[in-house]
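Structure first, commentary second.
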Amino acid sequence: MSPSSFYADAVLFDMDGTLTDSIAAVEAAWGKVAQDIGQDPAYVIAATHGKRAIDNLAAFKPSIKAHEMDSEVTDFEETILYYADAYNTHGPGSRRGSFANTPIDSPLGSGYSTPALSAGSSAPSSRAPSMVQSRRPSFASRLFNMLSMTAPPPELEEAIAEEDEDEGERALRRHAFEAWQLEAQSVDRSVRILPGVKRVMDSIPAGRYAVATSGAKTYAHGCMTRVGITPPTVTITADDKRLKAGKPAPDPFLLAAKCLGFPAERCVVFEDSPSGIRAGVASGATVIAVCTSHERAKIEGCGAHYIVRDMEQVRVEWDEESRRLKFELDL
């Protein structure tokens, strides 16, 4: 292998598939969406990779109203994190045991809170408290609270009349949710840090790197913290209101570079997906593609300046004389 070296001012990292590997949890979550809407899971998974959840949900679930989208994205990304945690939290060998106490009004489609947000769930929620408090408690939760009181209030009959649900439909939802729980805990889909990532990130001074991801804040921060990565001050997520478009548009990388205070043309982008590579190229940055989620043949035609197996083939050091980052790649 012959080394290739060059200099740059800063680094713009993609997250999933570049820093972290949560592909099993992501694909499981999109597979569940596919089943909910009666689509082929393989098709939905392939079509959604490297793109924002908001764009994917808008495409596959057009019935979602504009004012509901933020909540739907958060619910979906909580589901990814739930898949990532379920095996170790509830699966074989876990100390927490089963889902017996988990309420049934959880993620079976639009409008239901995810298991991480449910009252009886042991999985932690990464949703901001304000988001949790703004959502109206489900009818089942309110009914349970009412029945737990010594003397049921007079509002109980009125609540039942207002939101009574067909028992057959409720039973089907219960069975579907229980099946979803069992499947989620049966496979280890834990988030993992990818080879070489910690060494490379530790080599870059603070203020010289950012993360620009297609994940929203719930998912992005959840993934990074699960593998010991502290989200940098400049972390551009898909729900950043300053973004006009997500990848493959260059907007996330352009915004990240601007926030760091460097032109994108003087930055290095690390990416793994075709859409992300194209976004990096369009931003004007030097793009290093890693073959961590796609075979080399799938990303060779996307315009990356360099392609490496993973970050084990990358060395970064601070050059005091030039006040820049020096990169060496084993190609």
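What follows draws every value from the coordinates through simple rules; no lab data is involved. What you are looking at is a predicted structure, and each value in this text was computed from that prediction instead of being measured. Every residue, glycine as well, gets a Cβ built from its backbone with ideal geometry; the counts of neighbours run over all protein chains shown.
Evaluating 6.51 cos²θ - 1.76 cosθ + 1.60 at θ = phi - 60° for every residue in the stretch 257-272, the Karplus couplings come out as 4, 4, 5, 6, x, 10, x, 4, 5, 9, 10, 10, 9, 9, 9, 10 Hz, glycine and proline recorded as x. 3J(HN,Hα) couplings calculated from phi for the stretch 313-322 with the Karplus curve 6.51 cos²θ - 1.76 cosθ + 1.60 (θ = phi - 60°) are, in sequence order, 8, 10, 10, 10, 9, 7, 9, 5, 5, 8 Hz; Gly and Pro show x.
Under a 5 Å amide H cut-off, with hydrogens placed 1.01 Å from N, residue 307 pairs with 289 among residues at least 5 apart or on other chains. Given R₀ = 30 Å, what would the calculated FRET efficiency be for residue 309 paired with residue 37, taking r from the Cβ atoms and rounding to 0.05? The value I calculate is 0.25.
The simple Förster model, with R0 at 30 Å and r as the Cβ-Cβ distance, assigns residue 69 and residue 225 a FRET efficiency of 0.75.
Of the listed peptides 188-194, 284-290, 80-86, 50-56, what is their order by residue-averaged count of other C-beta atoms within 10 Å, with the highest listed first?
By packing density, highest mean first, the sequence is 80-86, 284-290, 50-56, 188-194.
Residues whose amide H lies under 5 Å from that of residue 236, counting only those 5 or more places away or on a different chain, are 211, 212, 213; hydrogens are built 1.01 Å from N in the peptide plane. Take the cross-link list 61/298; 217/241; 298/326; 241/298 and give me the ones stretching past 23 Å between alpha-carbons. Those over the limit are 61/298; 298/326; 241/298.
Using the Karplus relation 6.51 cos²θ - 1.76 cosθ + 1.60 with θ = phi - 60°, the per-residue 3J(HN,Hα) values for the stretch 10-27 come to 7, 10, 10, 9, 6, 9, 6, x, 10, 9, 10, 10, 10, 4, 5, 5, 5, 5 Hz, with x marking Gly and Pro. Taking amide hydrogens as placed 1.01 Å from N in the peptide plane, the amide H of residue 324 sits under 5 Å from those of 319, each at least 5 positions away in sequence or on another chain.
Please label the shape of the stretch 275-330 as rounded, prolate or oblate, based on the square roots a ≥ b ≥ c of the eigenvalues of the alpha-carbon gyration tensor (a/c under 1.5 means rounded; beyond that, a/b larger than b/c means prolate, else oblate). Oblate, since a/c reaches 1.5 and b/c is not below a/b.
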